[in-house]
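The values are calculated or read from the model by the stated rules, or taken from the named source; none is laboratory data. It should be emphasised that the depicted structure is a prediction, and the values quoted were computed from it without experimental measurement. Quick reminder, even Gly has a Cβ in these numbers, built from the backbone with ideal geometry, and neighbours come from all protein chains shown.
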Amino acid sequence: MYRRIVLLFFLISALSFSQRPSGQGGQSQPITVTGEVVDKDTGQPLEYATIILEPVRNPESVTGGITDLNGKFEVETRPGMYNISVEYLTYETFKKERQLLRADTDLGQIALAIDVSQLEEVEVIAERTTVELRLDKKIYNVGKDLTVRGGTVSDVLDNVPSVSVDVEGNVQLRGNDDVRILINGKPSAITGLNSTDALRQLPAESIEKVEVITSPSARYDAEGSGGIINIILRRSKLQGLNGALTSNIGYPNSAGINGNLNFRAGDVNIFTNTGYNYRERPGNSLNDTDFFDASGNFTNSLREEREFDRVRKGLNANFGVEWYVNQTASITQSIFIRDSDNSSETTNTFFQEDAAGNRSSGFRFDPETEEDKTFQYSFNFDKQFNGDSEHKLTFAFQYETTDEVEESLIVQNGFDSESVRTAEDQQRLFLQTDYVVPVGKSGQFELGYRGDFNTLETDYDVVFINPTVDELGITNPSNVLDYKETINAVYTQFGTKFDKFSFLAGLRYEATRLIINQIETNDFNRNNFDGLFPTLNLNYEISEKESFQFGYNRRIRRPRSRFLNPFPSRSSPTNLFQGNPTLTPSFSNQVDLGYLKRFEKVTLNSSVYFQRATDVISFITEDTGEDTFFDGEQVSILRRTPVNLARNDRYGFEVTTNYRPSRKWNLNANFNIFNLITRGDFNGQNFDAENLSWFVRLNNKITLPAKIDWQTRMFYRGPVENAQTRNQGIFSLNLAFSKDFFNEKASLAFNISDVFNSRKRVSETVTPFFESDSEFQWRVRSFNLAFTYRFNQKKRRGGERERDFDGGDEEFGTP
């Protein structure tokens with residue numbers, strides 16, 4: 001199947017290029033614009049000056065290039081009328097408007113003068129993280145964040161305001177773990193069957209920006225009560241060959257190399273983002289549990305110590321071709337391949353004591369191998385009408401397959417106990433089309449369709465080596481799960497801006513069909529549910545430095561396939577996770593009121609929000625009533641499973657601020673506090689709970705002598721509590737240092753993650769039948785050294801539209 005799709009990809013590309021028109025719109029040949037940029041006072045050439053050619057009739061189809069070591073440039077474009085500009089940091093911009101270019105043109109020598117007014121304000125460190133505020137989202141451009149250099153996408157997300165990543169790698173938005181993660185605006189095989197693991201394997205250098213959407217418009221699917229995180233991968237559009245290579249080594253043992261390469265010649269842009277990574281991730285956990293009978297009398301205790309050594313290694317490759325058919329249409333095709341070969345060794349040691357003081361011990365060794373192969377083909381078409389970027393039609397097609405096989409032979413108390421094999425085969429087809437048309441001077445009407453068709457087959461095979469020992473009280477736990485999900489959605493929305501007020505209102509309809517079929521046991525479940533999802537986003541701009549925003553949206557949380565999978569998955573013989581095929585979706589309504597204010601050196605961005613969800617999917621821990629055996633002693637088995645509880649109210653306050661005392665010192669902080677109220681009963685047990693929790697993130701970056709950048713990131717999450725479990729607060733500290741070489745063409749960065757080795761989840765669970773204290777650490781303190789080399793490109797510098805972190809460029813009109 002892979003070979004056929006790859007062959008089809010190249011045939012379509014070859015056919016497309018063979019049919020390329022000879023000129024713009026099939027009527028003109030490309031022309032070349034050349035010239036030289038120098039310093040007006042010294043006559044010295046200016047390397048990496050930016051040349052911008054903006055078509056007068058179609059400003060969105062901008063093209064350009066950069067100067068070489070001798071200050072010379074050569075840009076290929078189509079004949080037409082252009083606004084020409086040349087920019088260089090701390091220099092005045094050179095402009096020529098409405099220049100008619102019909103043939104090859106030499107602009108000659110362009111002399112730029114120093115802009116004295118900018119000398120005290122420009123940020124020499126450059127390549128800093130910035131934010132753009134739109135009506136329905138915040139866009140965080142990932143810049144020179146030293147603490148994630150050589151890290152993963154998961155590390156990047158843990159640095160984005162409003163977003164946090166817990167010790168198990170689960171992504172949360174404002175403390176809500178029901179987050180929809182998209183890649184380039186679409187659900188993607190890049191995140192794999194297990195998005196948590198996939199985000200830990202993708203290199204941080206592959207990300208260009210992250211869109212945080214807490215109040216999604218009707219354009220986005222309604223999945224994710226917490227909101228949407230859209231990860232945009234890097235792709236350059238500069239003429240010629242350019243890119244960057246990053247290699248890293250670390251401890252615990254890790255190594256990797258990643259390359260972002262682009263080659264553009266005329267109307268064709270070829271791009272790739274490819275990397276190989278090897279990471280060892282040791283971790284540990286501890287569980288102390290006391291069990292009681294129905295009268296509340298102590299029966300026995302169990303202490304379980306667990307150590308796991310994980311090895312993650314694999315190749316991620318994204319390759320694509322973008323063809324600009326003419327100035328109003330483009331076609332992009334790409335393939336993504338991931339080939340991961342992971343392994344882990346988990347050792348569990350048990351100590352048991354009964355009410356009479358009798359003690360026993362045991363151990364369990366679980367070596368597991370995992371192969372994960374993913375393939376994705378994407379086709380995108382973009383058409384603008386009459387040269388108007390606001391009047392356009394887009395179409396996207398995506399096909400992906402993922403095969404994942406996990407195998408382990410469990411050794412318990414010195415004897416082979418059982419073999420477990422889980423094979424998952426997923427196929428997904430995605431279609432989306434959107435049509436946008438301007439209405440009046442500032443209005444915009446939009447409608448679209450999205451289809452998502454997903455099938456997943458899970459073959460779960462368990463063989464007990466000793467057939468007289470049946471730990472789960474199940475005659476044959478093996479089964480085959482056939483899961484099918486179909487989602488069809490249509491939407492429409494309208495937005496406009498007049499004077500200082502703008503709004504965007506929309507309505508989305510989604511029809512979901514789920515089929516859950518357990519082949520071996522003939523258990524069949526069908527869930528069909530439809531929903532209307534209105535959205536509204538408002539903005540009032542008091543001045544350029546002060547504005548208010550309001551957002552309302554209705555969302556849905558569909559149970560994930562893992563939540564529905566009834567096969568028991570065990571990290572130890574006494575604790576298991578089991579899905580619930582009877583789960584139903586949860587619906588929620590949310591309102592958000594935001595305020596933005598810019599002062600001379602401080603930027604403040606804040607919001608208050610409220611969300612009410614019904615039929616909330618929550619996790620409970622219960623005694624299965626089954627026992628396992630250690631040295632002849634019986635030990636109860638606990639099960640963690642998702643259920644639908646009645647109602648959940650969440651309200652909170654968030655503020656993000658940036659303070660820049662000087663050019664060499666920058667501080668930014670993000671604070672979020674929320675109260676979570678749960679009301680519900682399950683199996684006769686009341687799960688009512690209230691929990692006030694919060695987290696704060698502080699980033700401090702300063703330039704030391706010798707132009708060494710020093711960055712410190714501190715994070716603290718307050719205690720989290722529900723009806724059964726209370727988690728203690730978590731503190732972590734990251735440090736990083738970086739130095740540039742070779743005229744900013746290369747950088748060397750060293751970072752320490754979790755300096756005090758304190759990123760642990762410490763929790764206490766209390767139920768009528770058992771009480772448990774636990775501690776979990778996914779990975780220990782780590783060190784990483786990363787080297788980056790850039791060619792034919794320089795570190796992104798600040799410009800007219802780039803502002804400090806959390807003080808970004810505003811575009812409050814309809815997006």
Checklist line | Single residue of Val148, Val153 found to be surrounded by 15 or more Cβ atoms within 10 Å (Cβ to Cβ), modelled with pLDDT of 65 or more and either more than 30 Å from Thr34 (Cα to Cα) or within 33 Å of the chain's Cα centre (by Cα) (or both) | finding: Val153
Notebook entry, point to check: Of the residues that make up segment 234-251, is at least one among the β-branched types (Val, Ile, Thr), out of contact with any Lys or Arg (no Cβ under 9 Å at 6 or more places or on another chain), touching a residue at least 60 places away in the same chain (Cβ under 8 Å) and assigned by TED's automatic domain parsing to the domain that holds Asn751?
Noted result: yes
Check: Taking segment 314-366 on its own, how many of its residues are among the acidic types (Asp, Glu) and under 25 Å from Tyr399 (Cβ atoms)?
Finding: 3
Notebook entry, point to check: Which residues, taken from segment 503-527, are more than 24 Å from Phe567 (Cβ to Cβ) and either crowded, with 21+ Cβ neighbours inside 10 Å or not small (Gly, Ala, Ser) (or both)?
Noted result: Phe503, Leu504, Gly506, Leu507, Arg508, Tyr509, Glu510
Next item on the list: Select the strands (runs of 3 or more DSSP E) contained entirely in segment 475-552, then report the ones holding at least 1 residues which are free of Cβ contacts under 8 Å to residues at least 40 places away in the same chain and out of contact with any strand residue (DSSP E or B) (no Cβ under 7 Å at 6 or more places or on another chain).
Entry: 523-543
Note to self: Can you find a residue that is of a type outside the set (Phe, Trp, Tyr) and over 24 Å from Glu223 (Cβ atoms) anywhere in segment 560-569?
What the structure shows: yes
Margin query: Being of a type outside the set (S, T, N, Q) and either buried (at least 23 other Cβ atoms within 10 Å of the Cβ) or on the phi > 0 side of the Ramachandran plot (or both) narrows it down to one residue among Ile213, Ile257, Ile232; which is it?
Written below: Ile213
Next item on the list: Filter segment 676-695 for residues that are outside any loop (DSSP other than H, G, I, E, B) and loosely packed, with under 15 Cβ neighbours inside 10 Å and give the result.
Entry: Asp681, Gln685, Asn686, Glu690, Leu692
Notebook entry, point to check: Quick check: anything in segment 605-619 modelled with pLDDT under 85 and either surrounded by fewer than 19 Cβ atoms within 10 Å (Cβ to Cβ) or in a strand (DSSP E or B) (or both)?
Noted result: yes
Margin query: Would you confirm whether or not segment 427-444 contains a residue that is modelled with pLDDT of 90 or more, in contact with a helix residue (DSSP H, G or I) (Cβ under 8 Å, 6 or more places away or on another chain) and under 17 Å from Lys186 (Cα atoms)?
Written below: yes
Next item on the list: Determine if segment 763-772 includes at least one residue that is buried (at least 19 other Cβ atoms within 10 Å of the Cβ), part of a strand (DSSP E or B), over 25 Å from the mean Cα position of the chain (by Cα) and among the hydrophobic types (A, V, I, L, M, F, W, C).
Entry: yes
Note to self: Whether any residue in segment 90-107 is in contact with a Gly (Cβ under 6 Å, 6 or more places away or on another chain), modelled with pLDDT of 85 or more and not in a loop (DSSP other than H, G, I, E, B) is what I want to check.
What the structure shows: yes
Item checked: Test: Ser772 is at pLDDT 90 or above, within 23 Å of Trp710 (Cβ to Cβ) and hydroxyl-bearing (Ser, Thr, Tyr) -> no
Next item on the list: Please work out if Arg421 is among the charged types (D, E, K, R) and buried (at least 17 other Cβ atoms within 10 Å of the Cβ).
Entry: no
Checklist line | Search result, residues across segment 76-93 that are surrounded by fewer than 22 Cβ atoms within 10 Å (Cβ to Cβ) and over 11 Å from Leu46 (Cβ atoms) | finding: Glu76, Pro79, Gly80, Met81, Asn83, Ser85, Glu92, Thr93
Margin query: Just checking, does segment 704-720 include any residue being farther than 27 Å from Arg647 by Cα and of a type in the set (Ser, Thr, Tyr)?
Written below: yes
Margin query: Quick test for you: out of Thr402, Thr394, pick the one residue that is farther than 25 Å from Asn284 by Cβ and crowded, with 19+ Cβ neighbours inside 10 Å.
Written below: Thr402
Next item on the list: Please tell me if Glu633 is buried (at least 19 other Cβ atoms within 10 Å of the Cβ), at pLDDT 85 or above, among the acidic types (Asp, Glu) and on the phi < 0 side of the Ramachandran plot.
Entry: no
Item checked: Output for segment 295-318, where each listed residue is closer than 25 Å to Asp623 by Cβ and either free of Cβ contacts under 8 Å to residues at least 24 places away in the same chain or among the acidic types (Asp, Glu) (or both) -> Ser295, Glu304, Glu305
Next item on the list: Just give me the residues in segment 701-760 being closer than 30 Å to Asn675 by Cα and of a type in the set (Ser, Thr, Tyr), in sequence order.
Entry: Thr712, Tyr716, Thr725, Ser732, Ser753, Ser758
Next item on the list: Within segment 350-366, identify whether any single residue is polar (S, T, N, Q), within 24 Å of Gly256 (Cβ to Cβ) and either surrounded by fewer than 16 Cβ atoms within 10 Å (Cβ to Cβ) or touching a residue at least 24 places away in the same chain (Cβ under 8 Å) (or both), and answer yes or no.
Entry: no
Notebook entry, point to check: Is it fair to say Leu173 is among the aliphatic types (A, V, I, L, M), at pLDDT 70 or above and within 19 Å of Thr402 (Cβ to Cβ)?
Noted result: no
Note to self: With the requirement that a residue be of a type in the set (Ser, Thr, Tyr) and crowded, with 20+ Cβ neighbours inside 10 Å, what does segment 577-604 give you?
What the structure shows: Ser586, Ser588, Thr603
